[in-house]
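Since every read-out is calculated from the coordinates, none of them should be taken as a lab result. The structure presented is a predicted model; accordingly, all values stated were derived computationally and were not measured. Methodologically, a virtual Cβ is constructed for each residue, glycine included, from the backbone with ideal geometry; neighbour enumeration extends over all protein chains shown.
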Amino acid sequence: MSTSEVFSETDNGVIHRYGDPTNPPLLIIYSLVNQPAILDFSPERSMIARLINAGFCVYLLAWLSPGQARRFLSLSDYVLGDIADAVADVSHAHLQAPHLVGVCQGGVLALCHAAISATYPTTDTRHIRSLVTLATPVDTGHDHDRLAQLARAIDFKQLIQALGNVPGQGLAAFFASLKPFALGPQRYAGLAQISTATPTALTEFMRMERWMYDGPDLAGEAFVEFAQKIYQNNALANGELTLDSQAVDLANITVPVFNAYAEDDHLVPPAAAAGLAACIKSDYQQYALAGGHLGLFISARAHRDLYPQLIDWLKER
């Protein structure tokens with residue numbers, strides 16, 4: 001695994017630094033769901049290692065488990081507080097704006113930051129150099145978006161009144177239920193072959209199992225807000241999202257944007273991710289990778305085809 005050090009902390013997260021601090025900065029905003037270990041899964045399948053080897057100083061904003069004390073955190077707290085602080089800290093350390101990379105739900109948070117920070121004075125340290133979104137749900141208004149369809153039938157406020165925070169293990173089980181055969185009988189049917197395939201195959205299989213079902217709890221208020229605004233109301237794509245009275249207009253984003261998604265993603269369907277194209281007015285590039293959700297980060301295809309293009313795109317900017 002890649003070596004890191006704690007760079008700084010925000011109110012609700014820890015910023016880890018990887019690589020040479022004299023290299024250009026790149027800040028990753030991970031999802032509030034699951035652990036960011038998937039980005040540094042193994043030496044051969046590490047997104048973070050690829051970025052380090054390409055000559056970037058990589059920063060990762062890893063979220064703290066909320067606990068009951070943070071159950072009322074809102075999306076505004078994460079975007080206007082933690083992400084803005086993280087960008088400013090990295091900017092101060094390097095005396096230049098970082099590239100910002102948002103992963104899945106973290107991509108939505110990164111888009112919100114980019115849209116709002118574009119309205120700040122040009123001297124503000126919360127500005128970024130470019131924006132990358134990976135497997136990010138933007139337009140959830142399509143009928144074949146199964147996650148959005150399910151979300152529209154749930155009373156999330158009532159759910160949170162009963163639970164407080166959303167249990168990570170319960171959410172993991174829910175996501176697995178969206179693809180029950182592939183993530184159940186089919187996945188375990190090949191376990192015997194996996195155990196004899198390569199010396200590390202079984203270890204990686206078990207590491208993946210732990211990652212899939214070891215997600216953190218989610219702050220109840222932020223979970224409800226995300227579910228209602230992004231999935232029930234499609235507010236981000238419709239230009240109706242506000243955070244602490246600040247409008248999130250994706251058309252305000254002026255930095256270059258690179259948007260990548262997986263063609264067979266059951267959590268973030270291609271149409272949901274590709275919908276970003278209609279919202280962005282700046283320099284925009286889109287990449288569709290064959291495979292599923294996690295393949296965007298750990299598959300051999302992603303590391304062979306996607307990441308070389310992404311790295312070239314970043315270096316050009």
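So the values come out like this:
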{"item": "Total formal charge among the other residues, if their Cβ is under 15 angstrom from that of Ala69, Lys/Arg +1 and Asp/Glu -1", "result": "-2"}
{"item": "Order by protection proxy (mean Cβ within 10 Å, highest first), peptides 121-127, 99-105", "result": "99-105, 121-127"}
{"item": "Burial ordering of His144, His303, fewest other beta-carbon atoms within 10 Å first", "result": "His144, His303"}
{"item": "Label point distance in nm, Ser65-Asp214, each placed 7 Å from Cα along Cα→Cβ", "result": "1.2 nm"}
{"item": "Bridge type composition, the chain - antiparallel percent by DSSP, nearest 5", "result": "40 percent"}
{"item": "Extension gain, Tyr284 back to Asp249 (0.36 nm per residue minus Cα-Cα distance, nm)", "result": "11.0 nm"}
{"item": "Beta bridge orientation in the range 1-86: antiparallel %, DSSP, nearest 5", "result": "70 percent"}
{"item": "Ranked Trp63, Trp313, criterion: other C-beta atoms within 10 Å, fewest first", "result": "Trp313, Trp63"}
{"item": "Sorted by Cβ neighbour density within 10 Å, fewest at the top, the residues Tyr18, Tyr307", "result": "Tyr307, Tyr18"}
{"item": "Count of lysine pairs in the chain with Cα separation under 28 Å (8 or more residues apart, or interchain)", "result": "5"}
{"item": "Alpha carbon centroid spacing (whole Å) that separates the range 15-89 from the range 134-156", "result": "25 Å"}
{"item": "Inter-label distance, nm, simple model (7 Å from Cα along the C-beta direction), Asp11/His92", "result": "1.7 nm"}
{"item": "Nonlocal amide H pairs with Val132, under 5 Å, H built at 1.01 Å", "result": "Leu100, Val101, Gly102, Phe258"}
